[in-house]
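Structure first, commentary second.
The values are calculated or read from the model by the stated rules, or taken from the named source; none is laboratory data. Here the structure is a predicted model, which means the values were calculated and not measured. Neighbour counts are summed over all protein chains in view; Cβ atoms, including those assigned to glycine, are modelled from backbone coordinates with ideal geometry.
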2 protein chains.
Amino acid sequence: MDKPQPDDLKDAGLKSTVPRLNILALFKSGQERHMSAEDVYKQLLANGDDVGLATVYRVLTQFEQAGLLVRHYFEGGKSVFELNQGKHHDHIVCLQCGHVEEFYDAAIESRQEKVATERGFAVHNHSLHIYADCVNKACPHKH
Amino acid sequence: MDKPQPDDLKDAGLKSTVPRLNILALFKSGQERHMSAEDVYKQLLANGDDVGLATVYRVLTQFEQAGLLVRHYFEGGKSVFELNQGKHHDHIVCLQCGHVEEFYDAAIESRQEKVATERGFAVHNHSLHIYADCVNKACPHKH
DNA sequence: TTTGAAGATGATAATGGTTCTCATTTGCAA
DNA sequence: TTGCAAATGAGAACCATTATCATCTTCAAA
């Protein structure tokens, strides 16, 4: 199941509409894992899909609430979305080319939980963003 | 040296002006460690200082660049500043009352560095935000 | 398959945080 | 005290995002 199924939407309690199918398809295409609303909007237009920016924002938010997408608040103001693959991970963001790399470190995860509970907090979620520079050659990553 | 010294500004290469002194004094007063531009603006007005919002934003940014303040991008859109005390730390933010608690965990820090360098990144900085609920009684924290 | 109403869309206005503009004021070295 | 570069403040401008609302779709029921 890589191609968008109307069921993905149905299961999320959302009507299966053209904009929603297109947006889900875009994320599932995997070309770009992390996209802002603007990115999605432009990509859809480039694909010839006629969609409104307001709809993109709405759908992105709905998908987030439905658990289809995960939203990230990176530095820079605009939030970025990625397909929810179930498995949590954190991010390294290249300050030069904007490339986002994902990682998961069990030790970090467990220490976080420990720190929070020790202080009487019930963890909801967390975000760990490492801002760095791609070190080798001229940014091995895209753009 | 807890009261604002003109030298703090001089050392940062900034002219010693009334708004800058007031803003620095506010942070050094320690009443509120984490404040948004709006928070600072309102507090200054409440103190009887006549300042413009634009100036607050400008000064906050200058202080950040000068290393006097540290800026945080918590969820919620607006950035928050705190006095730079030299020692890095991360944050737990209560989703109910907005209370911010600081912590430092050496294990987490070193694992982060490891993860990043392993992937060919030169770490610039990072942000680790744990979003949680104060677990005991009705939010032991303020507001 | 047609139909109708709830729900979705999209153009645009509105919002909220932040930055820019520019005329006026201030800090400070000479 | 003076002169000017730097700083300030009021308001316009900006940008990402959300709200409004008239029109258009989806989909279940007939």
Notebook entry, point to check: Are any residues in the stretch A:21-40 under 11 Å from A:LEU60 (Cα atoms), assigned to a helix (DSSP H, G or I) and either small (Gly, Ala, Ser) or in contact with a His (Cβ under 6 Å, 6 or more places away or on another chain) (or both), and if so, which ones?
Noted result: A:ALA37
Margin query: For the list (1) within 13 Å of the chain's Cα centre (by Cα); (2) surrounded by 13 or more Cβ atoms within 10 Å (Cβ to Cβ); (3) within 15 Å of DNA strand C (Cβ to nearest atom), I need the number of the one condition that B:LYS78 fails.
Written below: (2)
Notebook entry, point to check: Since A:ASP39 meets every condition but one in (1) among the acidic types (Asp, Glu); (2) under 13 Å from the mean Cα position of the chain (by Cα); (3) closer than 18 Å to A:TYR131 by Cβ, which condition does it not meet?
Noted result: (3)
Checklist line | Whichever residue in the stretch A:41-67 is among the aliphatic types (A, V, I, L, M) and either more than 12 Å from DNA strand D (Cβ to nearest atom) or part of a loop (DSSP other than H, G, I, E, B) (or both) and, among such residues, is modelled with the lowest pLDDT | finding: A:ALA66
Next item on the list: Scan the stretch A:114-126 for residues that are surrounded by fewer than 18 Cβ atoms within 10 Å (Cβ to Cβ) and touching a His at 6+ places or on another chain (Cβ under 9 Å) and jot them down.
Entry: A:ASN125
Notebook entry, point to check: Restricting attention to the stretch A:92-107, does a residue exist that is of a type in the set (Phe, Trp, Tyr) and farther than 22 Å from B:LEU128 by Cβ?
Noted result: no
Item checked: Only listed residue being away from DNA strand C (no atom under 11 Å from the Cβ), away from chain A (no Cβ under 14 Å) and not charged (D, E, K, R), chosen from B:LEU9, B:LEU26 -> B:LEU26
Next item on the list: Of all residues in the stretch A:32-70, count the ones that are more than 12 Å from DNA strand C (Cβ to nearest atom), touching a residue at least 12 places away in the same chain (Cβ under 8 Å) and either more than 26 Å from A:VAL93 (Cβ to Cβ) or exposed (fewer than 15 other Cβ atoms within 10 Å of the Cβ) (or both).
Entry: 4
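Please tell me if A:GLU75 is of a type outside the set (A, V, I, L, M, F, W, C), closer than 24 Å to A:ASN125 by Cβ, part of a helix (DSSP H, G or I) and within 14 Å of chain B (Cβ to nearest Cβ). Quick ask: steps written out before the conclusion?
Numbers: of a type outside the set (A, V, I, L, M, F, W, C): yes; closer than 24 Å to A:ASN125 by Cβ: yes; part of a helix (DSSP H, G or I): no; within 14 Å of chain B (Cβ to nearest Cβ): yes.
So A:GLU75 fails the test.
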